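**Q** Here it is, the structure in full.
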Amino acid sequence: MRFYSLHKKVLIAFLALSLFPLGVLGFYAARNLSSVEQYLRKSASSALEAQATRSLVLSAQTVADTVSIFLRSIENDLNSFVLLEAEEAEYMDFYNRHRGTMRIWENGSEKLSDVPLYSELAFIDPDGTERIRIVDGVPVDELRNVSVPANTTYKTEDYFRRTLELPDGMVYVSRVSGWFIHRNEVEEKGHDTQYKGVVRFARAVYNSDGSLRGVAVISLDHLHLMEFTRHISPDGKDSSKKASYESADYSFMFDDEGWIITHPKQWDIRGYNKDGTLTGTRGEYNARRLQEGDIPFNLFKTGFIHPNYPVAASDVLRKGNGVVDVTNVGGSRKIMAYAPIRFSSGVYAKHGVFGGVTIGAEISRFHMPAVKISDVIRGELDKFISSMAIFVSLMAVAVLAVAYRLSWSITNPIGRLNLAIKSVTRDGAVPNVDVSGGDEVAQLTRSFNDMARELEHRRVSLMESMQKLEASREAVIREQNFKTTVFENIETGILTLDKDNRITFINKPAMNILRLAKAAEGELLDEALAHKQEVIEVIKEFQSEGRTKRWSRYIDSEEGGRNMHLRIAGLPMVMEHADGNIITVEDLTERVGLRKQMARMDRFASMGRLSAGLAHEIRNPLTGISLMLDDLHDRLLKNDADRQLIQRSLKEIERLEGLVDGLLNFASVVPPKLRMANIADVLSDTLFFVKKQCERQKIVLETDFEPDLPMISLDPDKIKQALLNLLTNALDAMKNGGKLRISAKNANGGIELIFSDTGVGISPADLPNIFEPFYTTKAEGTGLGLAITHNIVSEHGGKIEAESRQGTGSRFILFFPFEGNGR
């Protein structure tokens with residue numbers, strides 16, 4: 001807020017008292033003049049709009065009457081045409097004699113040109129076959145049977161049949177027929193693209209004996225209808241310029257069904273598709289399709305553009321004229337006058353109108369005179385305001401001189417006191433202002449001297465307090481930064497709970513382990529950890545026991561199909577004005593995994609040594625027993641029972657030898673023969689061995705190998721052995737068919753292979769032990785397949801993991817890193 005000196009206040013008071021009445025007078029005068037200006041402008045606009053409305057309606061009706069006369073003249077031409085002999089020379093003479101004047105633009109200038117009225121002349125025999133047909137002044141040799149609508153120009157025309165249905169002397173008149181032009185076609189080929197269409201006038205011709213001689217047809221060129229609306233301006237005059245759709249000052253014509261038949265936009269005119277169907281009669285009729293030029297404009301269907309379009313079209317069918325306020329597809333607001341084209345021949349007999357003519361004009365263009373009058377009034381008002389401002393300024397100068405002198409005599413004694421106060425503010429010094437007398441100013445000065453001394457004393461005390469406070473603040477910030485750094489960078493997750501079990505703090509490791517967001521702060525423990533019920537149960541166990549010392553538990557938790565080993569510890573929060581708990585969370589999954597892996601490696605080494613010794617000790621006696629049984633088998637050829645018993649013993653010995661071979665293979669430490677290879681090729685070679693088995697078991701085999709996988713260092717034979725073990729187990733798990741999917745992709749610095757099946761799955765109790773030697777759930781298994789696979793993958797520096805859900809299937813994930821995979 002700005003404060004003024006007493007000297008200025010006195011000056012402002014004098015100026016306000018003197019100039020305020022003048023300002024109020026000027027304000028009311030300006031406002032009244034502005035009201036007069038608005039009234040005049042509104043009245044002039046209304047008068048001009050009414051005048052424009054009458055002019056537009058009169059212009060529209062004049063054009064409509066002209067079109068009506070023109071159509072009746074075409075009927076007269078048809079009656080003359082019927083009298084001609086159906087000969088080519090007679091028809092060519094008729095074509096050349098009947099012409100109409102049109103404006104044509106060439107090289108930017110306009111010229112008048114006589115253009116033939118009819119684009120087609122034809123005489124049709126009683127059977128529907130054309131005897132003569134002239135198109136654009138050229139006789140056509142290819143004559144058609146137009147009794148079949150599919151043979152007509154626009155595929156569905158039935159003018160021949162409709163004409164024969166009329167009484168003798170009656171004329172059939174068709175609606176505008178032409179190929180529909182899409183907006184894209186106009187934009188690609190240029191705005192000179194012209195809609196080509198016709199209105200067919202036909203009459204049956206009879207012989208003197210009353211027999212049918214044929215049907216005479218003249219086809220009015222659509223361009224002559226376009227000529228009626230192409231040059232109409234909003235003032236009703238015939239303009240030499242083409243109508244512009246963007247300006248909203250244009251005219252158009254529509255038929256008795258509401259379809260536009262002349263318009264500056266060619267794609268708004270009714271037309272046929274290439275299959276002979278009328279465009280706009282199929283599919284949804286909406287603003288988007290109109291804007292994109294997919295369908296022509298129909299006044300009865302475009303109430304969603306403006307509700308007055310159907311109103312105008314309906315009034316035309318009742319032979320009425322008038323004016324409506326509309327908005328076109330482009331968004332321009334205009335007034336639109338309309339008038340009916342009275343005509344009752346052919347298909348137009350139902351309503352007695354051919355259609356309607358509209359003339360549109362942008363309303364704002366007719367308001368320009370009123371705007372100019374308003375500008376004149378505004379100019380005079382500005383002159384008055386300027387004169388008033390000069391007068392007020394001169395009065396202000398005079399009042400200022402008188403007020404300044406009076407103010408000086410009042411405020412000068414106070415100035416010295418003000419200087420002393422500024423000295424205290426600027427220099428911090430405490431001056432002693434000399435004072436004499438006993439008036440109010442003297443008393444104020446003495447009070448100032450007392451206040452200045454007290455202020456200096458308090459300033460010194462305040463500076464000392466601020467220095468202590470700043471030192472405390474810096475210590476608090478250092479301690480806070482240290483704690484934040486420690487809490488956010490240790491591996492242990494920490495969260496604190498208040499007495500209501502609401503989370504008051506959580507660090508980043510805790511968020512990562514428990515899958516929480518920072519937004520969890522402030523939430524209740526049960527809500528934030530709803531997805532970790534096992535953690536909630538352990539924390540509540542700690543709280544229920546009311547422990548006062550540190551407490552911890554080890555739990556297992558599952559996250560995204562992965563088992564996690566967590567250590568939860570709790571400690572009561574012992575702080576003044578605080579009651580709650582501190583909970584720490586540690587993820588021991590990796591440590592537990594490493595310990596299990598070390599123990600497994602130790603067991604593998606011990607089992608390997610034991611297996612090698614046992615295999616050697618067992619193999620020699622087995623070989624001797626096998627040889628003796630073979631010899632005994634040969635001697636007991638006549639005793640079938642003994643021979644079968646010996647054969648069964650030999651099979652069991654062979655199975656034992658297979659087990660011994662497996663033990664030796666598991667125990668042998670043969671370094672892999674590494675070379676650079678594409679693992680996708682190894683996969684393809686391995687799958688070759690199981691494809692037939694998959695077909696026999698009705699197993700669908702799917703592969704998804706990422707193209708251009710990098711080469712890695714591997715032993716192809718050992719990798720094949722490992723992969724074949726996985727494939728064999730998958731086939732065994734899907735005895736009644738299923739789906740086996742193998743994928744290979746580049747992921748996280750290595751190549752990841754995934755084997756998925758839809759078999760019986762592995763129980764949660766068996767899953768942790770499947771890579772252990774001799775552990776098997778099969779009746780005839782050795783339990784060495786997955787153990788050997790695990791060893792081979794480990795020899796290549798990779799790792800293998802298994803996921804399974806009993807009754808759903810299993811998934812084995814193998815990962816081979818790019819670096820160090822051969823160590």
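**Q** Which FRET efficiency, nearest 0.05, do K155 and E87 yield, Cβ-Cβ r, R0 35 Å?
**A** Numbers: r = 29 Å, r/R0 = 0.84.
It comes to 0.75.
**Q** Run the numbers for A389 and R131: contour at 0.36 nm per residue of separation, minus the present Cα-Cα distance, in nm. Don't skip to the answer; put the middle values down first.
**A** Details: separation 258, 0.36 × 258 = 92.88 nm, distance 9.14 nm.
Length gained between A389 and R131: 83.7 nm.
**Q** Also, quick follow-up: List the pairs from K196/K319; K301/K350; K301/K334; K698/K718 whose alpha-carbon separation is above 25 Å, in the order I gave them.
**A** K196/K319; K698/K718
**Q** Given a 1.4 Å probe and the protein chains all in place, what does the accessible area of F391 round to, in Å² to the nearest 10?
**A** 100 Å²
**Q** For D766 and I477, what is the calculated FRET efficiency with R₀ set at 45 Å and r taken between the beta-carbons, to the nearest 0.05? Display every interim value, and only then the final one.
**A** Details: r = 57 Å, r/R0 = 1.26.
Given R0 = 45 Å and the Cβ-Cβ separation, E is 0.20.
**Q** Subtracting the Cα-Cα distance from 0.36 nm times the residue separation, let me have the gained length for S43 to D325 in nm, one decimal. Don't skip to the answer; put the middle values down first.
**A** Numbers: separation 282, 0.36 × 282 = 101.52 nm, distance 1.89 nm.
Fully extending the segment from S43 to D325 adds 99.6 nm.
**Q** Show me the ranking of peptides 215-221, 159-165, 296-302, 149-155 by mean Cβ neighbours inside 10 Å, starting with the highest.
**A** Details: 215-221: 24.4, 159-165: 18.4, 296-302: 21.7, 149-155: 15.6.
In descending order of packing, they fall as 215-221, 296-302, 159-165, 149-155.
**Q** Same structure again: For E752 and R502, calculate 0.36 nm times their separation in residues minus their Cα-Cα distance, and state this gained length in nm to one decimal.
**A** Values: separation 250, 0.36 × 250 = 90.00 nm, distance 4.24 nm.
Extending this stretch completely gives an extra 85.8 nm.
**Q** A follow-up question, please. What nm value, rounded to one decimal, do you get for the distance between R97 and F818 when each label is placed 7 Å out toward the C-beta?
**A** If labels sit at R97 and F818, their model points lie 9.2 nm apart.
**Q** With labels modelled as points extended 7 Å from the Cα through the Cβ direction, what inter-label distance (nm, one decimal) is found for E187 paired with L469?
**A** Each label point lies 7 Å from its Cα, and together they span 6.8 nm.
**Q** Can you figure out the FRET efficiency of M676 with K739, using R₀ = 35 Å and their beta-carbon distance, to the nearest 0.05? Display every interim value, and only then the final one.
**A** Values: r = 33 Å, r/R0 = 0.94.
E between M676 and K739, to the nearest 0.05, is 0.60.
**Q** Whole-Hz ³J(HN,Hα) for each residue in the stretch 89-97, computed from phi via Karplus 6.51 cos²θ - 1.76 cosθ + 1.60 with θ = phi - 60°, x for glycine and proline: what do you get?
**A** So the J values, rounded to whole Hz, are 5, 4, 5, 5, 5, 4, 4, 6, 7.
**Q** Next question. Please report the net charge: other residues with Cβ closer than 11 Å to the Cβ of V326, K and R +1, D and E -1. Please list the in-between numbers first.
**A** Values: positive: R333, K334; negative: D325.
That sum, taken over residues with Cβ under 11 Å, equals +1.
**Q** Oh, and also: Express the carbon and sulfur contribution to the solvent-accessible surface of the stretch 448-539 as a percent, rounded to the nearest whole number, probe 1.4 angstrom.
**A** Working: 3420 of 6090 Å².
That fraction is 56 percent.
**Q** Place a point 7 Å from Cα of I490 in the direction of its Cβ. Which residues in the stretch 512-543 have their backbone N less than 17 Å from it?
**A** Output list for this probe position: 512-514.
**Q** Give me, ordered by chain and number, the residues 5 or more places off T262 or on other chains with an amide H under 5 Å from its own placed amide H.
**A** The list, which skips near neighbours in sequence, is M253.
**Q** With Kirkwood's inverse mean 1/r over C-alpha pairs for Rh, give me the Rg to Rh ratio of the stretch 685-823, two decimals please.
**A** Details: Rg = 14.7 Å, Rh = 15.5 Å.
Taking Rh as the inverse mean 1/r over Cα pairs, Rg/Rh reads 0.95.
**Q** Continuing with the same structure: In nm, to one decimal, how far is the modelled label at F20 from the one at L212, with both set 7 Å along Cα→Cβ?
**A** 10.0 nm
**Q** Consider a paramagnetic label point 7 Å from the Cα of I582 along Cα→Cβ; state which residues of the stretch 495-515 have an amide N under 20 Å from it.
**A** Residues 495-514 qualify, since their backbone N sits under 20 Å from the label point.
**Q** Taking the Cβ of Q61 as the centre, find all other residues whose Cβ is under 12 Å away and add up their charges (Lys, Arg: +1; Asp, Glu: -1). Can you show the working numbers first?
**A** Working: positive: R54, K319, R342; negative: D65.
Here the charged neighbours net out to +2.
**Q** Looking at the stretch 55-138, which trypsin sites (Lys or Arg not before Pro) are DSSP coil and have at most 10 other C-beta atoms within 10 Å of their C-beta? Intermediate values should be presented prior to the final figure.
**A** On the way: sites: R72, R97, R99, R103, K111, R131, R133; in loops: none.
Of the trypsin sites (Lys or Arg not before Pro), not one in the loops of the stretch 55-138 has a Cβ with at most 10 other Cβ atoms within 10 Å.
The values are calculated or read from the model by the stated rules, or taken from the named source; none is laboratory data. Not measured: the values here are computed from a predicted model. Neighbour counts are summed over all protein chains in view; Cβ atoms, including those assigned to glycine, are modelled from backbone coordinates with ideal geometry. Remember, those area values only see protein heavy atoms, side chains included, never the ligands or the DNA or RNA. Shrake-Rupley method; radii C 1.70, N 1.55, O 1.52, S 1.80 Å.
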